[in-house]
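The next block holds one structure in the form of structure tokens; read it before the comments.
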Amino acid sequence: MFRGWVRNLLAHVGGSGDARRSREIYQTSTMGALLDGVYEGEVTIGELLKHGDFGLGTFNRLDGEMLILDGVCHHLRADGSAHIAGQDEKTPFAVVTWFKPDMTIPVTSSRDHAAVTGLIDTSIGSANVIYAIRITGTFSQVRTRTVMEQSAPYPPLTEATKGQKETTFTDVSGTLAGYRTPDFEQGISVAGFHLHFIDESRQHGGHALGFHLERGTIELSARSEIHLSLPQTREFLDSNLTSGDIAAQIRQTEGG
């Protein structure tokens, strides 16, 4: 499994433009900016989808959670519902890639959140690159939250998430998708696991706080390149991206 991962990684590093793109993460803005209340971005969903068919993020004014699967951008609302986002909607923070699994892990017995993330940790080739993660299966429980739309002047994210709506799905089929990001990226992105959920009908979902997988498939894809696009808005340029304990703030807002 490790040899296969290395072979795939080396095949793409320094390769053609298409091959390099297939290993790239495209990210707009930073988690640090979101923590500081920069909730207005310039990138539209239409533009975002030119950079990947898989990913997550949020929408302007912090209006719910984003999950992109198979090139479709889903807008996950505070009431737990989901619908397809408009091409002209905008995002202040999103992370996307072109998803093609390097590794597939079948899960044939019941595992809780910690056991699933532990299985991923023992299966990856290195903790120093980013992994796109897609977990499809049946879940006895998925606990989610969805942030609520904010009004200017915007509060910091630690305040905004205090009003988040939580929903627990039981005996549901669906998909968890997101990333495992190295610790050294904390503040640029979310270090560790960051996953969003959508059910099989694509009608409900949210940011995953915890889950229990009964059976399913884990797909992993290593990413070795980052394209970070920083906003040029006055709000971003004037924001304080080094205030406080960023790691503690992210843990608070992510439910960790």
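Some points to look at:
- Taking the conditions (1) modelled with pLDDT under 95; (2) surrounded by fewer than 19 Cβ atoms within 10 Å (Cβ to Cβ); (3) more than 15 Å from residue 205 (Cβ to Cβ) in turn, residue 120 satisfies each one other than (1).
- Considering the stretch 155-210, and only residues there that are among the β-branched types (Val, Ile, Thr) and in contact with a helix residue (DSSP H, G or I) (Cβ under 6 Å, 6 or more places away or on another chain), the residue that is surrounded by the most Cβ atoms within 10 Å (Cβ to Cβ) turns out to be 190.
- Of the criteria (1) in contact (Cβ under 8 Å) with a residue 40 or more places away in the chain; (2) part of a strand (DSSP E or B); (3) among the polar types (S, T, N, Q); (4) surrounded by fewer than 19 Cβ atoms within 10 Å (Cβ to Cβ), which one residue 221 fails: (4)
- Test: residue in the stretch 105-117 that is assigned to a loop (DSSP other than H, G, I, E, B), on the phi < 0 side of the Ramachandran plot, touching a strand residue (DSSP E or B) at 6+ places or on another chain (Cβ under 7 Å) and surrounded by fewer than 23 Cβ atoms within 10 Å (Cβ to Cβ): yes
- Tally, over the stretch 197-223, of residues that are touching a strand residue (DSSP E or B) at 6+ places or on another chain (Cβ under 8 Å), more than 16 Å from residue 113 (Cβ to Cβ) and not acidic (Asp, Glu): 10
- Residue pairs whose Cβ atoms lie under 7 Å apart, separated by 6 or more positions or on different chains, with the first residue in the stretch 227-239 and of a type in the set (A, V, I, L, M, F, W, C) and the second assigned to a strand (DSSP E or B), are 228/27.
- Inter-residue pairs, beta-carbon under 7 Å, first more than 12 Å from residue 34 (Cβ to Cβ) and in the stretch 149-175, second in a loop (DSSP other than H, G, I, E, B) and among the hydrophobic types (A, V, I, L, M, F, W, C), 6+ apart: 163/148; 164/147; 164/148; 165/78; 165/148
- Top-ranked residue of the stretch 178-209 - restricted to ones that are of a type in the set (Gly, Ala, Ser) and in contact with a Leu (Cβ under 6 Å, 6 or more places away or on another chain), ranked as farthest from residue 254 (Cα to Cα): 205
- With respect to (1) within 17 Å of residue 76 (Cβ to Cβ); (2) assigned to a helix (DSSP H, G or I), the lone exception for residue 174 is condition (2).
The values are calculated or read from the model by the stated rules, or taken from the named source; none is laboratory data. The model shown is predicted, which means the values in this text are computed figures rather than measured ones. Ideal geometry is used to build each Cβ from the backbone, glycine not excepted, and the neighbour counts take in all protein chains shown.
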